[in-house]
Structure formats: C-alpha cells, structure tokens
Amino acid sequence: MAFSGATMAQNLAGIWRGKRTQVSGGCFPEYFIELHVTYAGSNIMILGNAYNYYDKDRYTKINFTGRYNPATKRMVIIENLVLQFNVPSHCIPCIKTYDLNYTKNDSVEAFVGEWKGHEMGNNNICPPGRIQLNRETTSIFPVDVFQNDTLNKIQKSLNLADREKEVIKELVFDTSQIRIDIYDNAEIDDDTVSVFLNNTLLLHKKRLTATALSLQVTAYPNTDYELMMYADNLGKIPPNTSLMIITAGTKRYELRISSSEKKSAVVRFRYLPTKKL
C-alpha cells in the first residue's frame with residue numbers, strides 16, 4: 001500500500017517481478033526478484049520492499065528508497081535495511097543499487113538495467129549483474145502496509161484488548177486509488193479511535209470531529225485489505241460512532257460505523273484491475 005496523489009506514482013506503484021543475474025562469484029548465477037513499489041511524497045520519490053529469492057524458502061527481504069525521472073524514464077533504487085533473510089550458510093545478503101530504465105511494449109511494462117552492491121555487514125563488493133522486471137497483477141510474497149517510524153514505535157508498545165471483529169461491509173474497487181474520510185457521526189462527544197489497515201497502525205487515538213480524518217490509499221491489485229476501527233474510548237455518549245466515506249474513482253460509499261469495548265468495526269476491500277463494476 002502506498003500514500004500518494006501523484007499521477008506518475010500511481011502508474012508505477014505495485015508489483016514488479018522478474019530475474020536478477022549475477023556474474024561468476026555469487027551464490028547463484030540467477031535469482032528471482034519481486035519489488036513491491038510504494039510511492040511517498042512526490043511522483044519521483046519512491047520506497048518499498050525488494051524480495052530477492054531463489055525459491056520461496058530461500059530469500060532476502062530488503063526495504064529500499066529511490067527516484068524515478070519521468071523525462072528519461074530512469075529509476076535508481078537503493079536498498080537500505082535487510083528486514084528478513086533465509087539463505088544458505090555460505091551466502092551473505094547483498095545490499096544493492098539498481099539502475100533501471102522503463103519500457104512499454106504493447107501492454108507489457110518492464111524495467112531493465114544493471115545492479116551492483118556490497119555484502120551485508122561489510123564493504124566487500126558483490127559480483128554485479130543485470131535485472132529485468134515486468135509489472136504483475138499478483139504477488140508471491142506478502143504485501144506490507146507502509147507505516148512511518150513514529151507509528152511503528154507506538155504500535156510496538158501497544159497492549160490492546162482482544163475484541164471481536166464485526167465486518168460491516170465488503171467492497172471491490174476497479175481503481176487502486178482509494179480515499180477514506182472519517183467523521184464523528186452524531187454529536188461531537190470526544191470519541192477517539194485508532195485505525196489499522198491489515199493490522200498496521202495508521203491513525204492513533206485520533207479525536208472524531210466534523211473535520212475528516214483522511215487516509216489516501218494506493219492498493220495493490222488482487223490483495224485483500226482489512227480496515228479496522230478500534231474505539232479508544234466511547235465518548236460522552238456510547239457507543240463510539242463515526243461516519244466513514246470511501247471514494248474510489250467515481251464510486252462513493254457512506255458507512256456508519258459503531259465500535260465498542262467488545263467489538264471493532266471492520267471494512268474489507270480489494271482492488272481488481274480487470275473487474276467491471
């Protein structure tokens with residue numbers, strides 16, 4: 001999932017998968033690679049996660065940042081931090097920089113280019129190679145929801161009561177761009193909520209008012225999302241109530257949400273690119 005309003009960012013966000021080769025001296029002469037590209041800030045700044053894998057059991061997961069130049073169609077990606085890895089004992093994960101160029105042939109979108117890097121934990125140079133990626137509509141590895149460092153630290157310290165989930169709506173969209181606005185549904189009575197998307201904290205103890213709490217979501221295709229409203233209190237007039245307005249393309253949905261100390265309201269949605277609504 002990405003947070004962005006930029007047109008180019010919307011076009012390139014998503015799943016890109018292909019192969020990464022490596023010259024003699026690496027663990028394997030050829031790997032598979034899957035990028036989960038998320039945009040943040042503007043149409044040239046990007047971030048996301050890279051899965052480099054030989055098979056689903058042998059892989060590295062590394063987050064990255066980068067820049068895309070719409071004029072030259074060049075994208076440079078710099079891997080930052082190894083999040084997970086499971087590789088043979090004689091292999092060391094490689095922290096890489098990609099230099100890629102965007103191409104489109106009929107309906108096939110691709111990035112093609114070269115990579116270089118150094119071993120995790122030292123400055124030893126990894127044998128370099130080439131990369132080719134095509135846009136895909138499904139992911140092999142789990143798709144993360146982007147969360148900033150502040151919310152990540154807050155979530156790690158949370159100790160939430162276990163509550164039943166009440167699904168109030170299931171939606172299917174034909175666009176990846178989804179706006180979620182949340183208001184107090186009745187008298188403003190100091191209701192506060194925390195909002196989670198796929199168990200990732202996005203809003204923490206926010207007071208509901210006549211001014212919207214807004215989330216702009218770029219959904220990955222064919223991926224299930226679960227938006228949960230967790231009542232931090234019940235306000236002066238129980239239960240905790242809100243009005244949620246979801247806008248997806250030309251579609252607009254108004255949902256009246258009620259959460260309590262026993263139940264959390266949930267909205268489930270999915271983006272299907274080929275689905276005709």
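The values are calculated or read from the model by the stated rules, or taken from the named source; none is laboratory data. Given the structure is predicted, the values throughout are model-derived calculations rather than measurements. Using ideal geometry, Cβ is built from the backbone for each residue, glycine included, and neighbour counts are taken over all protein chains shown.
Here are some notes:
- Residues located in region 249-269, provided they are within 21 Å of the chain's Cα centre (by Cα) and modelled with pLDDT of 95 or more: Val266, Val267, Arg268, Phe269
- In region 177-193, the residues that are within 17 Å of Phe146 (Cβ to Cβ) and surrounded by fewer than 21 Cβ atoms within 10 Å (Cβ to Cβ): Gln177, Arg179
- Within region 96-143, the set of residues being surrounded by 15 or more Cβ atoms within 10 Å (Cβ to Cβ), at pLDDT below 95, hydrophobic (A, V, I, L, M, F, W, C) and in the same structural domain as Glu30 (by TED's automatic domain parsing) comprises Met120, Cys126.
- The set of residues in region 116-148 being without any contact (Cβ under 8 Å) to a residue 60 or more places away in the chain, outside any strand (DSSP E or B) and touching a strand residue (DSSP E or B) at 6+ places or on another chain (Cβ under 8 Å) consists of Met120, Asn124, Gln147.
- Of the candidates Asn148, Asn222, the single residue that is on the phi > 0 side of the Ramachandran plot and either under 18 Å from the mean Cα position of the chain (by Cα) or not hydrophobic (A, V, I, L, M, F, W, C) (or both) is Asn222.
- Annotation for region 179-186: no member residue is without any contact (Cβ under 8 Å) to a residue 60 or more places away in the chain and basic (Lys, Arg).
Residue-by-condition table, conditions (1) within 23 Å of Ser242 (Cα to Cα); (2) in a strand (DSSP E or B); (3) aliphatic (A, V, I, L, M); (4) at pLDDT 85 or above:
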residue: Ile154; (1), (2), (3), (4): no, no, yes, yes
residue: Asp162; (1), (2), (3), (4): yes, no, no, yes
residue: Lys169; (1), (2), (3), (4): yes, yes, no, yes
residue: Arg179; (1), (2), (3), (4): yes, yes, no, yes
residue: Ile182; (1), (2), (3), (4): yes, yes, yes, yes
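- Condition met for Lys61 (at pLDDT 95 or above and under 24 Å from Ser176 (Cβ atoms)): yes
- Each residue in region 23-74 was checked for being surrounded by fewer than 16 Cβ atoms within 10 Å (Cβ to Cβ) and in contact with a Pro (Cβ under 6 Å, 6 or more places away or on another chain), and 2 of them qualify.
- Qualifying residue in region 195-216 (condition: part of a strand (DSSP E or B), on the phi > 0 side of the Ramachandran plot, charged (D, E, K, R) and in the same structural domain as Thr247 (by TED's automatic domain parsing)): yes
- Search result, residues across region 201-223 that are touching a residue at least 40 places away in the same chain (Cβ under 8 Å) and surrounded by fewer than 16 Cβ atoms within 10 Å (Cβ to Cβ): Gln216
- Being at pLDDT below 90 and of a type in the set (Phe, Trp, Tyr) holds for only one residue in Phe3, Phe85, and it is Phe3.
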